[in-house]
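**Q** This is the structure I have questions about; it appears just below.
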Amino acid sequence: MSLLETFIEAYKTHFLKPIPQFDTTLLGLLKKAQYLLLAERHSPSLQLKKALDRLQMRSEEPMKVAITGQFSSGKSTFLNALLAKSILPTGITPVTSKVNYIRYGEEFKIRVRYKDGRDEYHDISNISHFTDQRGSVEDIAYLVLYAPLNILKDVVFVDTPGLNSQAASDTQTTEKVLKEVDGIIWLTLIDNAGKMSELQVLEEYLGKYQNKSLCVLNQKDKFTKEQVEETTTYVKSAFQKFFSDVIPISARQALESRSHDKKVMMQTCLDDFMSELHVKLEKSGETIDFQMIEDDFKAYQQGLDTILQSDLRANMKLLEASNIDKVLAFIRNEIQPKATQSKEFTITKEMEEITSKLMAQHELFLGIYDELLEEIVRFEAEAKGLFGNLKSQFSHDLKSAFMRIEQIIDTIADAIFNQITTEKLVRYEAHKEGLLKKHVCYTPFEYQAPKINSDLIYKSLFYEENLIGKMFKQYVRNLGDIQNEVNEKNAQIYRSFEAGIVAWQAPYEVIRKREEIHSDIEFANMRRFASKAYETILKAFSDEIASSYAKISSEFNHLSSAVSFNYQNATEVCVAFLENKIEKSRKLYEENPTKFSLYQPKLDEIKERLRMAFHLYELENMMNTKHTFLSKDYERLVSQFTKIKEEKVVFLEEKKQHHYALIEEIKALRSEVK
């Protein structure tokens, strides 16, 4: 195999893991649910994993059958008979003070669960130490007894304290168990059956469980056949609303006969041999006596032969007389099918509840993102309308400011024009005299020439009254007011958006999951996302407002300085131009009055000259057209806000797609579970 082929195979092994196939059984669906819902993309919580693990364990769990009744009815003896082995302690005083779960295990042992969560494991021979209510067992929550018995592969027996036990806590514990189990066997003594005290207990505790309950009348071996049949008939009639059936048995006969069953005896023989072998191997250390082991094995084989050759016909009759097989048949044919159906129904409902809660979690996140989207879209549309209104308002204000400059120019022009007077000047014309016309003589002529009284102009406009200075200061103040209002209005628009985002942010930066199985990571991500609302959402809009502030401030500064710092110089330039033109025309006129005329400045010409000196046409483009610098800035803001909105919509929709994908995956799983 080439190096490339080796690399490809290694890549497939590590990164292209095949999707496992699951069967359509309930267990298969639960395994599929674990595979899908616990995948990294779902960011599953520890509680979700535990919930799914519990469901899988429950699907694989055998049915649970509770053995209950009034105290001293022989529950422990009856259970020993069902197990075909004397495991549970028996006695006249109500010995069972704790719930005992009897489960299948590879070896006999006890697990003691304490109320503080601790577990202890002990040898089965110590069971009475933890169950006898005459001892100190207050700190124990329950016991689990493990036994390698085949019957326990299909059923978990629950040995309960009696419902009329001496301790009230025992009765409460039993009542709780009855709600959880798949089947109930009510054990009572034949001579106690049907008594008023028993009826009261049944009315109080077993009225709701008729479809999964069996009444077992114990100690039938102490009465005649007629007495047993009479009592059984009476109990069936009197207690029919509490039980599906009534079966009389002898727990003592059943235990004796089942414990002498060939299979049971052979299993006991094997257990004894393996136990002794284990002890001897532990004691032997490194030196093993193989001969001794061989002798023990031969003894084990001889024991098996004895069991196989024994005549157990009398034992079979005793088993038949005990009636215990009818109890086992009821468990197998009545309780187990209903338990399986009930278990599947319950697990299905719990899976539906889990998937509903997980979908609700993602729908919550979608709603949060939609709220944010609505706020962004609302703001962008609102800002567009407000910017349009402000554009119109401030275009009018800029036009008014521009007209103010024109009024100032008109005032300066009038002042210049009013200071144009005339002065008497003399010009000389040359002519020749004498006989031969060779002598040049000059004849004086008086004429009136225009004159600009510049000192008076400057004095009235700039010095004594400083009329123009005052007018320009007012113009600059007006510009400043417009600038401040523009910036404030823009800031108000942004602040309204900021308030909306902060209102959205407040509940979600402290949001906590609403269900235990919800994802801790997803909710932490949402808190982190909400806490960064400024960086994620607001900053882009804020930056545009700040950029607008800088640009329009620069433009307003230009408008202010363009005229306020230059108005006197512009006026002097205009006057100098006019004086220079008057002087040039005078010289031309004196040289040739017939060809050239004296220049007389007109008011319109003065105004035009001032407009040029003040660069008014440049200012007009900024202040008095459809496309003022403020109009352009508002158009830019609208364009940028729309662009940012579209970017944020794409960004949030991508985040929503994550949750949509997970919802669809959960929906598909849910449809398979139903």
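**Q** Can you pull out every residue in segment 37-58 that is assigned to a helix (DSSP H, G or I) and crowded, with 18+ Cβ neighbours inside 10 Å?
**A** At the first step, the residues of segment 37-58 found to be assigned to a helix (DSSP H, G or I) are 37, 40-42, 46-58.
Answer for segment 37-58, where residues must be assigned to a helix (DSSP H, G or I) and crowded, with 18+ Cβ neighbours inside 10 Å: Leu37, His42, Leu48, Ala51, Leu52, Leu55.
**Q** So, Leu319, is that one in contact with a helix residue (DSSP H, G or I) (Cβ under 6 Å, 6 or more places away or on another chain), at pLDDT 70 or above and in a helix (DSSP H, G or I) or not?
**A** yes
**Q** Go through the residues of segment 394-410 one by one and say whether even a single one is among the hydrophobic types (A, V, I, L, M, F, W, C), loosely packed, with under 13 Cβ neighbours inside 10 Å and assigned by TED's automatic domain parsing to the domain that holds Gln657.
**A** Yes, the conditions are met somewhere in segment 394-410.
**Q** Would you call Lys424 of a type in the set (Lys, Arg), under 30 Å from Ser631 (Cα atoms) and at pLDDT 90 or above?
**A** Numbers: of a type in the set (Lys, Arg): yes; under 30 Å from Ser631 (Cα atoms): no; at pLDDT 90 or above: yes.
Spelling it out, it is not the case that Lys424 is of a type in the set (Lys, Arg), under 30 Å from Ser631 (Cα atoms) and at pLDDT 90 or above.
**Q** Would you please name the residue that is farthest from Val486 (Cα to Cα), looking only at residues in segment 586-611 that are in a helix (DSSP H, G or I) and without any contact (Cβ under 8 Å) to a residue 12 or more places away in the chain? Quick ask: steps written out before the conclusion?
**A** Start the filter on segment 586-611 by keeping residues that are in a helix (DSSP H, G or I), which leaves 586-591, 603-611.
Add one more test, that the residue is without any contact (Cβ under 8 Å) to a residue 12 or more places away in the chain, and what stays is 587-588, 591, 604-605, 608.
Details: Lys587: 55, Leu588: 55, Glu591: 60, Asp604: 35, Glu605: 36, Glu608: 32 Å.
Within segment 586-611, the match that is farthest from Val486 (Cα to Cα) is Glu591.
**Q** Please pick out the residue among Glu363, Glu374 that is modelled with pLDDT of 95 or more, in a helix (DSSP H, G or I) and over 30 Å from Ala51 (Cα atoms).
**A** Glu374
**Q** Among the numbered conditions (1) within 23 Å of Thr174 (Cβ to Cβ); (2) at pLDDT below 90, tell me where Phe22 comes up short.
**A** Of (1) within 23 Å of Thr174 (Cβ to Cβ); (2) at pLDDT below 90, only one is false for Phe22: (1).
**Q** Same structure, new question: Of all residues in segment 626-674, which are of a type in the set (S, T, N, Q) and either surrounded by 14 or more Cβ atoms within 10 Å (Cβ to Cβ) or in contact (Cβ under 8 Å) with a residue 60 or more places away in the chain (or both)? So that I can check it myself, show each step before the final result.
**A** Going through segment 626-674, the residues of a type in the set (S, T, N, Q) turn out to be 628, 631, 639-640, 642, 657, 671.
Thr628, Ser631, Gln640, Thr642 - these are the residues of segment 626-674 that are of a type in the set (S, T, N, Q) and either surrounded by 14 or more Cβ atoms within 10 Å (Cβ to Cβ) or in contact (Cβ under 8 Å) with a residue 60 or more places away in the chain (or both).
**Q** Is it true that Glu583 is out of contact with any Asp or Glu (no Cβ under 9 Å at 6 or more places or on another chain), of a type outside the set (Phe, Trp, Tyr), part of a helix (DSSP H, G or I) and assigned by TED's automatic domain parsing to the domain that holds Ile482?
**A** Spelling it out, Glu583 is indeed out of contact with any Asp or Glu (no Cβ under 9 Å at 6 or more places or on another chain), of a type outside the set (Phe, Trp, Tyr), part of a helix (DSSP H, G or I) and assigned by TED's automatic domain parsing to the domain that holds Ile482.
**Q** Small (Gly, Ala, Ser), more than 22 Å from Glu618 (Cβ to Cβ) and not assigned by TED's automatic domain parsing to the domain that holds Ile545: which single residue out of Ala491, Ala430, Ala499, Ala415 fits that description?
**A** Among Ala491, Ala430, Ala499, Ala415, only Ala430 is small (Gly, Ala, Ser), more than 22 Å from Glu618 (Cβ to Cβ) and not assigned by TED's automatic domain parsing to the domain that holds Ile545.
The values are calculated or read from the model by the stated rules, or taken from the named source; none is laboratory data. All of these numbers come straight from a predicted model, not from anything done at the bench. Cβ coordinates were reconstructed from backbone atoms using ideal geometry, including for glycine residues, and neighbour counts include every protein chain displayed.
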